[in-house]
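Working notes, beginning with the structure itself.
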Amino acid sequence: MDPLIARRHMVKEQLEARGIDDPRVLAAFLEVPRHKFVEEYLKYKAHEDYPLSIGYGQTISQPYMVALMTQSLRPEPEDKILEIGTGSGYQAAILSRLCRVVYSVERISALASRARKTLDELGYYNVHVRLGDGSQGLSKEGPYDGIVVTAGAPHVPGILVSQLAVNGRLIIPVGSETLQELKRITRTKEGVQEESLGGCRFVKLIGKNGWDS
Ligand code: SAM
């Protein structure tokens, strides 16, 4: 199937049908060529309603999960965003269409290099991929209007909350190694506000403020 037609189906049947309704978010999913973020042998499955392997035991998340996290982040055009877990670079690419600048941290060097190459080839120059342990955030470039963690953590790392600007939002899956709850933590002038966005299943956040490798 033509990739644009596949993306239209994906947006209508997987995102709109499940309540994703921010027009900017839907437009970003129509624009970003998801098939460019998966390996050649999986391209025919790129728009399916599930995660796919990207090698090294990691995955590109299900389109709906990427959309739910993106919409829940409430992205604004002037925002500076931090993503933890670059993986294929797809979530970062979506965010790059919605925000001013995206920093994305990945701990696996081969994935960081491949994502950088894909993002450069597509001309998404406002994404900066960094290699390192994102469970510690990226204090040098903060504070951030939004932080999205695309791997499951055992708890909310306080250091990530501390790198949020006032009114900044942190989207993070928190729970056990196999099942988590997606949370939105909003930093306010008075403190923090926490909301639950439902159940989810992510690969592990590995690092100082995550799981042991
Ligand atoms: N956002 C990605 C995408 O759009 O393809 C999917 C991310 S995948 C579900 C989770 C990623 O988090 C993996 O690439 C994994 O290597 C990375 N990861 C796990 N722990 C990390 C850490 N402490 N710092 C940075 N990346 C980490």
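All of the numbers you see were taken from the coordinates with simple rules; none came from a lab. Note that the structure is predicted; figures quoted are calculated from it, not measured. FYI the Cβ positions are ideal-geometry reconstructions off the backbone, even for glycines, and counts take in every protein chain you see.
General observations
- Relative contact order [Cα under 8 Å, 6+ residues apart], the chain, whole percent: 15 percent
- Descending Cα extents along the principal axes, region 7-93, whole Å: 34, 28, 18
- Rg to Rh, two decimals, where region 106-212 supplies the alpha carbon set and Rh follows Kirkwood: 0.98
- Prolate/oblate/rounded call for region 43-118, Cα gyration tensor, a/c under 1.5 rounded: oblate
- Scaled against the 2.2 N^0.38 Å expected of a compact globular protein of N residues, the Cα radius of gyration of the chain reads 0.93.
- Note on the chain: antiparallel DSSP beta bridges, both residues inside, total approximately 45 percent of the bridges counted.
- Positive contributions from Lys and Arg (+1) and negative ones from Asp and Glu (-1), summed over other residues with Cβ under 14 Å from the Cβ of residue 56, come out at +1.
- Among 168-175, 2-9, the order from most to least packed when residues are scored by Cβ within 10 Å on average: 168-175, 2-9
- Region 7-21 versus region 69-135: alpha-carbon centroid distance in Å: 22 Å
- Of all DSSP beta bridges in region 25-110, antiparallel share, percent nearest 5: 40 percent
- Within region 123-213, percent of DSSP bridges classed antiparallel, to nearest 5: 65 percent
- Rounded FRET efficiency, nearest 0.05, which uses the C-beta distance separating residue 192 from residue 30 and R0 of 35 Å: 0.55
- The number of Lys pairs in the chain with C-alpha atoms less than 26 Å apart, excluding pairs fewer than 8 positions apart on the same chain, is 26.
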